[in-house]
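Asker: Right, I'll just put the structure down here and ask away after.
Where a number appears in this text, it was derived from the coordinates with a stated rule and is not lab data. Nothing here was measured: the structure is a model prediction, and the numbers come from that model. Glycine gets a Cβ as well: all are built from the backbone with ideal geometry, and neighbour counts include every protein chain shown.
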Amino acid sequence: MVNHEYTDEGYLHTRTTTEPAPGDYTLEMVRKSQAAHGVSVLEVRESRRGSWKLMPSKLNRRITADTPMTFSGAAAASPLLDTGSPADGRNPVGTINNCAHGFTPWGTYLACEENFNGYFAVEAGTYDADNTAIQKRYSIGGDRFNWATNDPRFAVTPTTPNEPNRFGWVVEIDPFDASSTPVKRTALGRLKHEGTFVHVAGNGRVVVYMGDDQTNDYTYKFVSARPWSQMVAAGPEPARRGHALRRALQRRRLGHLDGARPRGGTADRRQRLRRPGGRAGQDPTGR
């Protein structure tokens, strides 16, 4: 797994250090920039000599600023996540400014949306109290890549204020199921996520440590209500075939995805990754 946190707009569009002028941007250029953001899922194999090779795998895929996703957790379906398309606030589109990452003991990847605030342009006007407070708290605005000039999704107005609220989350991705939909886990909070570190406590509960990249902000700790093995065994997502494929890859030693297995982990941790009862993608809260 590889994060694509941001783009160098000069190299992307002009192949030089000179960035295009704001007025020179077109929708095609914006779409190119959006496609260059996000996360890459890559299957690689290590040779006996220690070199790595990219495999032509069905698991390889790109997750971009325009990839359909879903929300889970307490904030899902909140009116503040409703953009009118879709109308229920459960299906955001895309992930951006993915900084550091994390991985779970059930084999999924956590992409962290960091400085999402600068991707939007905010139109002057009268906003409701909630969005006024949100825009101030997260410093929404700036249009750093000139997306809002050509893509109205990133142009915030008093009648369409909620798109920024759909970013700033931890996104869980199953690298072993290319058909799975990334999930934004609202139980882990909304902030400028610098990264996540997932630890399994002695009682089996998942503990997630998260840092906020905003100046003078905080470090956060999330503790699951129950042991993770119980949560994922009861979860409805993703499909079982993703877990079955993951186990097959591990048994046959066909390589691994960077970030899908612990680096330098103990034998006990590697064994937990292979536990038959686990299923990827369940929200640690059980929702």
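Asker: Arranged from highest to lowest average of other beta-carbon atoms within 10 Å per residue, in what order do the peptides 77-89, 149-161 appear?
Answerer: So the peptides 77-89, 149-161, ranked by packing, come out 149-161, 77-89.
Asker: On to the next question. What number in nm² do you get for region 2-273 if you take the convex hull of its Cα atoms and divide its surface by four?
Answerer: Over all viewing directions, region 2-273 projects a mean Cα-hull area of 16.5 nm².
Asker: Please give, to one decimal in nm, the separation of the simple spin-label points placed at A124 and R15, each 7 Å out from Cα toward the Cβ.
Answerer: 4.2
Asker: Using mean Cβ contacts within 10 Å as the protection proxy, how do 102-113, 204-215 order, highest first?
Answerer: Packing proxy ranking, top to bottom: 102-113, 204-215.
Asker: Per residue and in cubic angstrom, what volume does the convex hull of the Cα atoms of region 28-107 have?
Answerer: 169
Asker: Which order do the peptides 190-200, 135-145 come out in when sorted by mean C-beta neighbours inside 10 angstrom, highest first?
Answerer: 190-200, 135-145
Asker: Just grab the label-to-label distance for E28 and S51, each label 7 Å out from Cα along the Cβ direction, in nm (one decimal).
Answerer: Result for the modelled spin labels: 3.8 nm.
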